[in-house]
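The values are calculated or read from the model by the stated rules, or taken from the named source; none is laboratory data. Since this is a predicted model, take the numbers as computed values, not measurements. Using ideal geometry, Cβ is built from the backbone for each residue, glycine included, and neighbour counts are taken over all protein chains shown.
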Amino acid sequence: MTLLKIAQVGTPVLRKVAEPVSPEALASAEVQTFIDDLVETMRDARGAGLAANQVYQPIRICALEVDKNPRYPYKPDIPLTILVNPVLTPIGEETFENYEGCLSVPDMRGVVRRHARLRVQALDRHGKTIDHETAGVTAGTFAHEVDHLDGKLFLDRVTDTSTLCTWKAFAMHYEDAFRRNVESVVARYGS
Ligand code: NI
């Protein structure tokens, strides 16, 4: 396995709409190895997710996994998930406020409004159809990763820039209140 370099905000590849992956390309040894490396890189950096264009591959693949993540201790667990050519569709009108961070945006967090329920349609790494619903904080994580594939960063969705803060300031001033918000979101949506 190879740890990949993670592009930082300002790098043009983060701002390009990533290209769909054909079934043939997905089945190739090259792309399968890339997915293994993407997962290893996400785990090494303790990300909750990582999109291919964050590691300089402008293709529509992202990985998600939360397993008692110390970077996001309040996030409900997400089993390892690979999404290929994902499409997210909001279900209903409900939204919630999520305090997000990103491996491509060093030492910065901010409040983003996300849909509380989403339909997730994609292929898995073996080309099998994924079609399920996700909700709550986990839906926020899915939306953040799929945004990457459309060339968007969470910064673009921060409407109140006074919420922008370093990770240290987050821990000092905002984490307690945000944890309470997460608890109520999880109680409402189950994740
Ligand atoms: Ni990110």
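Values for this structure:
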item	result
Members of segment 77-92 that are surrounded by 16 or more Cβ atoms within 10 Å (Cβ to Cβ) and under 13 Å from the mean Cα position of the chain (by Cα)	Ile78, Thr81, Ile82, Leu83, Pro86, Leu88
Test: residue in segment 43-62 that is more than 16 Å from the ligand (Cβ to nearest atom) and acidic (Asp, Glu)	no
Pairs where the first residue, in segment 86-102, is hydrophobic (A, V, I, L, M, F, W, C) and the second is part of a loop (DSSP other than H, G, I, E, B) and away from the ligand (no atom under 14 Å from the Cβ), C-beta under 6 Å, 6+ apart	Phe96/Ala116
Given (1) at positive phi; (2) within 16 Å of the ligand (Cβ to nearest atom), index of the condition Pro106 fails	(1)
Some residue of segment 124-131 being more than 12 Å from the ligand (Cβ to nearest atom) and either among the aromatic types (Phe, Trp, Tyr) or closer than 27 Å to Gly10 by Cβ (or both)	no
Leading residue by the ranking (farthest from Val186 (Cα to Cα)) among those in segment 62-82 that are touching a Lys or Arg at 6+ places or on another chain (Cβ under 8 Å) and either at pLDDT below 95 or not charged (D, E, K, R) (or both)	Ile82
Selected residue [of a type in the set (Phe, Trp, Tyr), more than 16 Å from the ligand (Cβ to nearest atom) and either closer than 30 Å to Leu4 by Cβ or buried (at least 18 other Cβ atoms within 10 Å of the Cβ) (or both)] from Tyr99, Tyr74, Tyr174	Tyr74
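Yes/no matrix, rows are residues, columns are (1) among the polar types (S, T, N, Q); (2) surrounded by fewer than 20 Cβ atoms within 10 Å (Cβ to Cβ); (3) closer than 20 Å to Arg157 by Cα:
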| residue | (1), (2), (3) |
| --- | --- |
| Gln54 | yes, no, yes |
| Glu94 | no, yes, yes |
| Arg117 | no, yes, yes |
| Asp124 | no, yes, no |
